[in-house]
Every structure is written in C-alpha cells, then in structure tokens.
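Enquirer: Before I ask anything, here is the structure I am working with.
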Amino acid sequence: MSDRVDVVVIGSGYGGSAVAARVAPHGRTIVLERGRVWRPGDFPSHLPGLAGAYHTRRNPLGLWGMRLGEGTGNAYVSGVGGASLVNYGITQAPEDHVFDDWPLSREALAPYYARALEVLRPAPSPLADALGDKDFLDHVEPGRRVDLVNTIDWERCTHCGLCVPGCNVSAKRSLDVTYLAIAKSHGAEIRAEREVVAIDPDGDGWRVVVRQTGRGRSDADEVIPARHVVLAAGTFGTLDLLHRQRDRLSTTAWFGRAMTMNGDGLAFLYNTSHPLSGHHGAPITTSVHLPFIDPSGRERTLNVMSGRIPKVAMRFSALVLGLFGGALGRRRGPRDPATARARRRLLDLLRTDPEGALAHTFMYKLDAEDSSGGRAVFDAEGRSALAWPGYQDDPIVRFAAGRLEAWAARVGGVLVPDVSGLPGMRSFGVHPLGGVRMGRGPEDGVVDPAGRLLRPDGGVYPGLRVADASIIPSSLGVPSSLTVAALGERVGEDLANELRAAA
Ligand SMILES: Cc1cc2nc3c(=O)[nH]c(=O)nc-3n(C[C@H](O)[C@H](O)[C@H](O)COP(=O)(O)OP(=O)(O)OC[C@H]3O[C@@H](n4cnc5c(N)ncnc54)[C@H](O)[C@@H]3O)c2cc1C
C-alpha cells in the first residue's frame, strides 16, 4: 500500500475545507468533491437558470437541491466550496449556554472559533445603515438589535443582490478563496466532479470508492487507498454514506437522531407602512435577539433576522405576493391610506420599484435554538432527509411566530405566515444539523469530541473521522457556518497531530 494517500477528505464545505487546510502541511491530502468548480460568471442570475441548476441524478453537476422529509424541506449545495458558494456568509458564534450539553466547553472551542474567524474575515456591510432594516427592528423591538457581519469583500461588492445563488463578481470570501486556497498552497489536491460512493475498511486503512460525476464520466469506479478518511459531505451527504455502509460500519444508537432545523423559518410582512428597501437584494445585515425560556426553564437563543429577497427571485416574489399575498395571509394593524397601498402594489406588479410594495416588506428569517427533535429518514435509494412533523409547534418557533403577529399590529401590512401550514407545504430550512452528533461516548453520541466515528461498544474506527454540520450536537440558534468551520479546525488539528506523531 505504498501509494496510499495520507488523508482523503470527502466534501469541500466548511468542515472539509478547514480540515484540509490544517492537515495538508503534514501529509498527502486529497479533497474529493462531487460538484463542479463554479467561477465568477457561472452562477445563475435569473429564475430559469436557477431551475436549470437543480441537482438531480440526471444533472449531477447541479448547484443546489432540496431534501424533503415529513414537515420540513432543506436546501443543500453541491460544488467546490459547498454552501459557501451560495450563502450570505453571515458569520456568528453561538451564545455561551448553547455549549452546556456539548462534550466540548465554550472555552475549549474558543481558539478554533478564533482561527476560523482569522481565515474567513467577515465584515459589516457599508450599506447596512441605509437599508431601513435597523430602523424597522429598533421600532418593533427597541434595544434588542444585533448587527451582523458577512464573509464578503465589500470593496469588490457591487451590491447587485445576487449573493444567493452565487457571486458573479468575485466579492465573496467563499471557501474556494479562503480555506481551500490555504490547503492548495500546502500541496492538497482538490478533485472536483468526484462522488464518493463507498468507504470500505482495508487493513489499517480505507478504500475510498469514487465515481466521476462530470465530463469523462465512466462506469468504472476509481479506488483510492487512504490511511485516514474525513467524512465532510454535509449533513445529508454524510448521513447517506454512513447509511449505505451500515453493514460494514455499525454506528451507535444515536445515528440519525437529535437533528435540528436550527429554528429556521421564513415569513413576510408584505406592504407595511414602514420603508425597508426590500427590493434591494443586499445581503442580510441585522437581527434582533429576543429572550426566551423554554418549558423546562432553560434559556434559548431566538434570533430574528431582517431577511432579504435575493434579486434572482425578486420579480417572482413581487408577483406572488402582489397577486396572492391577500389570499395567503391576513392584513394587520394600522393601515396606510388604501390608495398608497394600492399604488405600491401596482408599481411592483409592473416592475420592481424603490417606491413599491416590496420596498415596504419585512422578510422574517428565524434562526432559533429549537429542541433538536428531528430525525433522519431514508428513501428507497438511501437518500436522507430530515423529518420533524411537529416542527411548527416547537415552543420557540411558535413564540417567534407570535412576535411577528405583534410586530404586524404595530406596522401593518399583510402577514404571510410560514407556508408550512398550507397543504403539501413544509417548513423551509438551510441549516439542517446533527444526525451524527458529537458526544462523550456511545451513550450520547455517534462521534467522539475529536470527530472519530464511534463503535456501539465505545471503541473508535481508526482513521475515520467526521467533520461537518452533521456532528453538531444541538441547535445553535445562529447561522451554522462558523461553528462547522471551528469544529473542522479542531478535527483537523487532532488529525495533524496524529500524522506528525506517526511521521
Ligand atoms: C442557501 C443557504 C444559505 C445559507 N446561509 C448561511 C449564512 O449566511 N451563514 C451561515 O453561517 N450559514 C449559512 N448556511 C448554512 C451553511 O452554509 C452550512 O451550515 C454549511 O455550509 C455546512 O457546511 P458542511 O461542511 O457541513 O457542508 P456543505 O457546505 O454542505 O458542503 C458539503 C459538500 O460535500 C459534497 N458532497 C456531498 N456528498 C458527497 C460525496 N458522496 N462525495 C463527494 N462530495 C460530496 C457536497 O457536494 C458539498 O459541496 C446557508 C446554507 C444555504 C443552503
């Protein structure tokens, strides 16, 4: 096995990229990513393009997809850089109490958060004060505003509103230009369009079975022998692979349990009396943190962001909300003169207008510390999804929805609630976490604090680690990318130490 690679990292999201950057100086490292390289100019900028970039078996190089489980639907991303390609790069660390039940304390993780911040370097938007979101939140929840930072190079940003589904002007500090660039500078190979279909134990190492997804696709699978494998395929990718390997790699009873939506929720307060620049498409820049004590008396994070409709969906949103907003929601609170409301609506139906209804619309984007009551389900082809039938009744989600009602009473507008109440609809999320949770041992985890996969008897599989959003032990209540990167930093450091010791 002399041609054995030291480390194979599966997936190039926040966890995999951070691991690759830290282990590459200590051994031959290959990152395998099923998606393609996306360059500035490649990202879709209109709805048909976005639809064409949907990831399916027939379109294996698609940029994004959805996994639908009972009660929830979660978006995922496929490409070199994982979800950093399409996200707003909001970068936030969880509050201290979140770590109370984790096997690693806040203090133990602090250096890894600091390292991740050094690499990702988020900064506040220079436009934030002008957008109206801050005024709105100060009006409805005085004194509770928390402003946000994004991993965006604001000097390059043209404020075009197309961060989602991808920046065409190279203004994002996405993983391809941060962690993966560091990994490459230390000699790591990033192999795109390579999907790992199996990881088999092989003596004191692993056989990683790889299928080409893009051009040059062949029926013959390639096998890469490796000493260490790091599974970082994102929550669903990692669940899929471990489920497929269940006959060879038995996991603890926690596999697929304690999954969280991270309190994700989406609703609109359409055509309010308050100007908000909702037509602008700039990234999310501010939020309010509200106090919430759950039924067991524990403090939980409740974070409502002033969301932003991406430019790519602006016309669509203007038409749907303008034509059907009244049917989907109910008008609340103080009314502007009917003529002013009608004028704004009409303007938006004709074109997206700075005076129009969307420019007076609050997009409620909830990130909250839910009770992590979801579980993984697998379809006939072994593809995972997050199922949580009663998600909308989780106490914090209900409480937050009640707050939106109170805001509506103050600023008016049509309250279009989370669509999950409609027949066939689900709660929409972008932060599916957990399922391979990190614990102290098999009694509360699937991996140990170093990310090593646990056997049911408490031993570990040598050379097999997990480092992505699936190992997060509980809901964070804030966007997840920074925490995934910090955990990747820690798993990477642990593996680098092992490589150094072996050398
Ligand atoms: C639309 C959207 C907006 C978001 N906005 C924010 C935000 O503003 N701030 C924030 O903090 N978080 C945000 N998030 C969440 C955040 O991006 C994720 O939590 C984070 O990307 C998770 O990192 P990860 O390492 O687990 O995996 P991912 O980033 O999901 O990457 C996993 C990678 O593995 C690859 N892969 C999967 N299976 C295989 C396989 N078998 N073989 C090879 N490769 C494979 C995938 O193609 C993918 O590229 C957003 C997410 C989405 C979808």
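Enquirer: Kindly indicate the residue of the range 352-408 that is in a helix (DSSP H, G or I) and among the basic types (Lys, Arg) and also surrounded by the fewest Cβ atoms within 10 Å (Cβ to Cβ) among those meeting that condition.
Expert: In this case the residue turns out to be Arg398.
Enquirer: Given the conditions (1) surrounded by fewer than 16 Cβ atoms within 10 Å (Cβ to Cβ); (2) part of a strand (DSSP E or B), and given that Pro334 satisfies all but one, which numbered condition is not satisfied?
Expert: Unmet for Pro334, out of (1) surrounded by fewer than 16 Cβ atoms within 10 Å (Cβ to Cβ); (2) part of a strand (DSSP E or B): (2).
Enquirer: So, in the range 446-501, of the ones that are of a type in the set (S, T, N, Q) and surrounded by fewer than 24 Cβ atoms within 10 Å (Cβ to Cβ), which residue ends up farthest from Ala18 (Cα to Cα)?
Expert: The selected residue is Ser474.
Enquirer: Next question. Among the residues of the range 315-331 satisfying the criterion of being under 13 Å from Ala357 (Cα atoms) and buried (at least 18 other Cβ atoms within 10 Å of the Cβ), which is farthest from the chain's Cα centre (by Cα)?
Expert: Filtering the range 315-331 for residues that are under 13 Å from Ala357 (Cα atoms) and buried (at least 18 other Cβ atoms within 10 Å of the Cβ), the one farthest from the chain's Cα centre (by Cα) comes out as Gly322.
Enquirer: (1) out of contact with any strand residue (DSSP E or B) (no Cβ under 7 Å at 6 or more places or on another chain); (2) among the small types (Gly, Ala, Ser); (3) under 28 Å from Ile284 (Cβ atoms); (4) modelled with pLDDT under 95: which one isn't true of Ala357, the others all being true?
Expert: Checking Ala357 against (1) out of contact with any strand residue (DSSP E or B) (no Cβ under 7 Å at 6 or more places or on another chain); (2) among the small types (Gly, Ala, Ser); (3) under 28 Å from Ile284 (Cβ atoms); (4) modelled with pLDDT under 95, the one that fails is (1).
Enquirer: How do the pairs read when you match residues in the range 150-161 that are under 17 Å from Pro122 (Cβ atoms) with residues anywhere that are in a loop (DSSP other than H, G, I, E, B) and charged (D, E, K, R), using Cβ under 8 Å and keeping only pairs 6 or more apart or on different chains?
Expert: Close Cβ pairs (under 8 Å, with a partner that is in a loop (DSSP other than H, G, I, E, B) and charged (D, E, K, R)) amount to Thr151/Arg121; Thr151/Arg173; Ile152/Arg173; Asp153/Arg173.
Enquirer: Give me the residue from the range 454-503 that is more than 30 Å from Tyr391 (Cα to Cα) and touching a Phe, Trp or Tyr at 6+ places or on another chain (Cβ under 8 Å) and, out of that set, farthest from the ligand (Cβ to nearest atom).
Expert: Arg455
Enquirer: Here is a follow-up. In the range 71-80, which residue that is among the small types (Gly, Ala, Ser) and near the ligand (Cβ under 7 Å from one of its atoms) is modelled with the lowest pLDDT?
Expert: Ala75
Enquirer: If we keep just the residues of the range 142-166 that are within 14 Å of the ligand (Cβ to nearest atom) and over 21 Å from Gln92 (Cβ atoms), which is surrounded by the most Cβ atoms within 10 Å (Cβ to Cβ)?
Expert: Taking the candidates together, the pick is Gly166.
Enquirer: For the range 86-105: of the residues being more than 30 Å from Ala53 (Cα to Cα) and crowded, with 22+ Cβ neighbours inside 10 Å, which is nearest to the ligand (Cβ to nearest atom)?
Expert: Only one residue tops the list, namely Pro94.
Enquirer: Please determine, by comparing only the residues of the range 19-31 that are more than 15 Å from the ligand (Cβ to nearest atom) and surrounded by fewer than 24 Cβ atoms within 10 Å (Cβ to Cβ), which one is farthest from Ile190 (Cα to Cα).
Expert: Applying the filter and picking the extreme gives His26.
Enquirer: Mind listing whichever residues of the range 403-439 are over 25 Å from the mean Cα position of the chain (by Cα) and either within 16 Å of the ligand (Cβ to nearest atom) or over 19 Å from Leu328 (Cα atoms) (or both)?
Expert: Correct list: Arg410 only.
Enquirer: Looking at Val98, Val7, which is the one that is at pLDDT 95 or above and closer than 24 Å to Leu241 by Cα?
Expert: From the options Val98, Val7, the qualifying one is Val7.
The rows are residues; the columns are (1) of a type in the set (S, T, N, Q); (2) touching a His at 6+ places or on another chain (Cβ under 6 Å); (3) surrounded by 21 or more Cβ atoms within 10 Å (Cβ to Cβ); (4) modelled with pLDDT of 95 or more.
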| site | (1), (2), (3), (4) |
| --- | --- |
| Ser17 | yes, no, yes, yes |
| Glu33 | no, no, yes, yes |
| Asp42 | no, no, no, yes |
| His46 | no, no, no, no |
| Gly52 | no, no, no, yes |
| Gly65 | no, yes, no, yes |
| Gly69 | no, no, yes, no |
| Ser84 | yes, no, yes, yes |
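Enquirer: Return the pair list, or none, for Cβ contacts closer than 8 Å from residues in the range 28-51 that are in contact (Cβ under 8 Å) with a residue 40 or more places away in the chain and of a type in the set (D, E, K, R) to residues that are part of a loop (DSSP other than H, G, I, E, B) and loosely packed, with under 14 Cβ neighbours inside 10 Å, at least 6 apart or on different chains.
Expert: The qualifying pairs are Arg28/Gly187.
Enquirer: From (1) without any contact (Cβ under 8 Å) to a residue 60 or more places away in the chain; (2) more than 10 Å from the ligand (Cβ to nearest atom); (3) surrounded by fewer than 16 Cβ atoms within 10 Å (Cβ to Cβ); (4) not acidic (Asp, Glu), pick out the condition that doesn't hold for Val169.
Expert: (1)
Enquirer: Filter the strands (runs of 3 or more DSSP E) completely within the range 258-329 down to those with at least 2 residues that are touching a His at 6+ places or on another chain (Cβ under 7 Å).
Expert: The strands (runs of 3 or more DSSP E) meeting that bar are 299-307.
Enquirer: Please verify whether Ala108 is within 9 Å of the ligand (Cβ to nearest atom), within 23 Å of Asp468 (Cβ to Cβ) and part of a helix (DSSP H, G or I), treating the condition exactly as stated.
Expert: Judged against the criteria, Ala108 is not a match.
Enquirer: Can you work out which of the residues in the range 376-402 that are within 21 Å of the chain's Cα centre (by Cα) and among the aromatic types (Phe, Trp, Tyr) is farthest from Asp418 (Cα to Cα)?
Expert: If we take residues in the range 376-402 being within 21 Å of the chain's Cα centre (by Cα) and among the aromatic types (Phe, Trp, Tyr), then Phe378 is farthest from Asp418 (Cα to Cα).
Enquirer: Picking from Gly278, Gly256, which residue would you name as being under 23 Å from Gly435 (Cβ atoms) and crowded, with 22+ Cβ neighbours inside 10 Å?
Expert: Going through Gly278, Gly256 in turn, just one is under 23 Å from Gly435 (Cβ atoms) and crowded, with 22+ Cβ neighbours inside 10 Å: Gly256.
The values are calculated or read from the model by the stated rules, or taken from the named source; none is laboratory data. Here the structure is a predicted model, which is why all the values come from computation and not from measurement. All Cβ positions, glycine included, derive from the backbone under ideal geometry; neighbour counts span all protein chains shown.
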